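Take a look at the structure below.
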Amino acid sequence: MATYINPFTDFGFKKLFGEEESKEYLIDFLNSVFEGYIPFIAELQYGKTEHLGATPVDRNAIFDLYCKNEKGERFIIELQKAKQAYFKERTLFYSTFAIQEQAEKSEWNFKLDTIYCIGILNFTFNNTQEKYLHFGKILDIETHETLINTLNFAYIECPKFKKQITQDSSNHDKWMYVFTQLDRLHKLPEQLQTKIFQGFFTKANILQLKPEDKENYNNSIKYYRDTHNVAETAKIEGKIEGKIEEKIEIARKMKLRNLPIEDIIGCTGLTKQEIQKI
């Protein structure tokens, strides 16, 4: 039985980071995890998460969280539970709504407040790299100098974070550990005995939820597990399909060498009928 909310559920993420009384946790999380990549945030204001296109035929977007800091800089924060082929393109699409809403109806000089699109991912883009935090903007191809500061993208591949925490761990590592391990923990670790994490763990305790919130969380958990199971099934089926294609290719090469069909069956595990069709 889990003690704490799973932050990768829709309900959990918004409960822990998207409510007015959760603002201090979101600010500390962003300042810690993205230190050096985004400006220090002193204050945030939550905005509406549903954004409509300019015309009825335009598509609309619903963000997980949409905030502005004290300077007017905008933060679109998206949680992605399962792998999505075009997630980066999706964040680019979402950024256009934060751009369009800044357009003034009268004459406009195209001055834009800076936009940060942040993706918190429960999957990986590339399993061959250990790097889990990615930050991008529009650069000059040759000099790599920034051409436009207005549009910025950041992605966290959470499954790649494998560190254990100590008393001396950075706040970055502590928040990453909490985000990736929260629903597996049964008490506040000694290494996290600070005011910010004590308050966060209290809010994350499932027993503290009101009956209505607990029902919403249980529904969110069910959806999360269903999504995870579908993704795992697709992954397994993809591996099986890949193995079958590999066997067929081996059988094809063996047939070209006029090897006995009994040998091909023994090497590939394919049936006589399957081999004859190749």
Q | Residue match in segment 145-159 (condition: acidic (Asp, Glu), touching a Phe, Trp or Tyr at 6+ places or on another chain (Cβ under 9 Å), within 17 Å of LEU30 (Cα to Cα) and not in a helix (DSSP H, G or I)) | A | yes
Q.
Can you find a residue that is surrounded by fewer than 18 Cβ atoms within 10 Å (Cβ to Cβ), among the aliphatic types (A, V, I, L, M), in a loop (DSSP other than H, G, I, E, B) and at pLDDT 95 or above anywhere in segment 97-109?
A. no
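Conditions tested, residue by residue: (1) touching a Cys at 6+ places or on another chain (Cβ under 6 Å); (2) of a type in the set (Lys, Arg).
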site: LYS71; (1), (2): no, yes
site: PHE97; (1), (2): no, no
site: ASN122; (1), (2): yes, no
site: GLU130; (1), (2): no, no
Q) Would it be correct to say that ILE240 is modelled with pLDDT under 80, within 42 Å of the chain's Cα centre (by Cα) and surrounded by fewer than 12 Cβ atoms within 10 Å (Cβ to Cβ)? A) yes
Q: Consider PHE87 carefully, then state whether it is surrounded by fewer than 18 Cβ atoms within 10 Å (Cβ to Cβ) and either touching a Cys at 6+ places or on another chain (Cβ under 9 Å) or modelled with pLDDT of 85 or more (or both).
A: yes
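State all residues of segment 264-278 that are hydroxyl-bearing (Ser, Thr, Tyr) and exposed (fewer than 14 other Cβ atoms within 10 Å of the Cβ); if no residue qualifies, say none.
Restricting attention to segment 264-278, the residues satisfying the condition of being hydroxyl-bearing (Ser, Thr, Tyr) are 268, 271.
Answer for segment 264-278, where residues must be hydroxyl-bearing (Ser, Thr, Tyr) and exposed (fewer than 14 other Cβ atoms within 10 Å of the Cβ): just THR271.
Which one is farthest from CYS67 (Cα to Cα) among residues in segment 118-134 that are outside any strand (DSSP E or B) and out of contact with any helix residue (DSSP H, G or I) (no Cβ under 6 Å at 6 or more places or on another chain)?
At the first step, the residues of segment 118-134 found to be outside any strand (DSSP E or B) are 122-132.
Those left that are additionally out of contact with any helix residue (DSSP H, G or I) (no Cβ under 6 Å at 6 or more places or on another chain): 123, 125-131.
Values: PHE123: 24, PHE125: 26, ASN126: 29, ASN127: 31, THR128: 33, GLN129: 31, GLU130: 30, LYS131: 27 Å.
Taking the candidates together, the pick is THR128.
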Q: Sort out which residues of segment 211-225 are at pLDDT below 95, of a type in the set (Lys, Arg) and either exposed (fewer than 12 other Cβ atoms within 10 Å of the Cβ) or farther than 12 Å from PHE8 by Cα (or both), and write them in order of number.
A: LYS222
Q: Look at segment 122-150 and say how many of its residues are among the hydroxyl-bearing types (Ser, Thr, Tyr) and exposed (fewer than 11 other Cβ atoms within 10 Å of the Cβ).
A: 2
Q: Kindly state which strands (runs of 3 or more DSSP E) lie completely within segment 1-95 and contain at least 1 residues that are of a type in the set (Ser, Thr, Tyr).
A: 44-46, 65-69
Q: Identify all residues within segment 52-84 that are modelled with pLDDT under 80 and either more than 19 Å from PHE153 (Cα to Cα) or assigned by TED's automatic domain parsing to the domain that holds LYS222 (or both); write none if there are none.
A: LEU52, GLY53, ALA54, THR55, PRO56, VAL57, ASP58, ARG59, ASN60
Q) Name the residues in segment 1-37 that are more than 16 Å from the chain's Cα centre (by Cα) and among the hydroxyl-bearing types (Ser, Thr, Tyr), would you? A) THR3, TYR4, SER22, TYR25, SER32, TYR37
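The values are calculated or read from the model by the stated rules, or taken from the named source; none is laboratory data. What you see is a predicted model, and the numbers here were worked out from it, not measured in a lab. Glycine also receives a Cβ, built like all others from the backbone with ideal geometry; neighbour counts cover every protein chain displayed.
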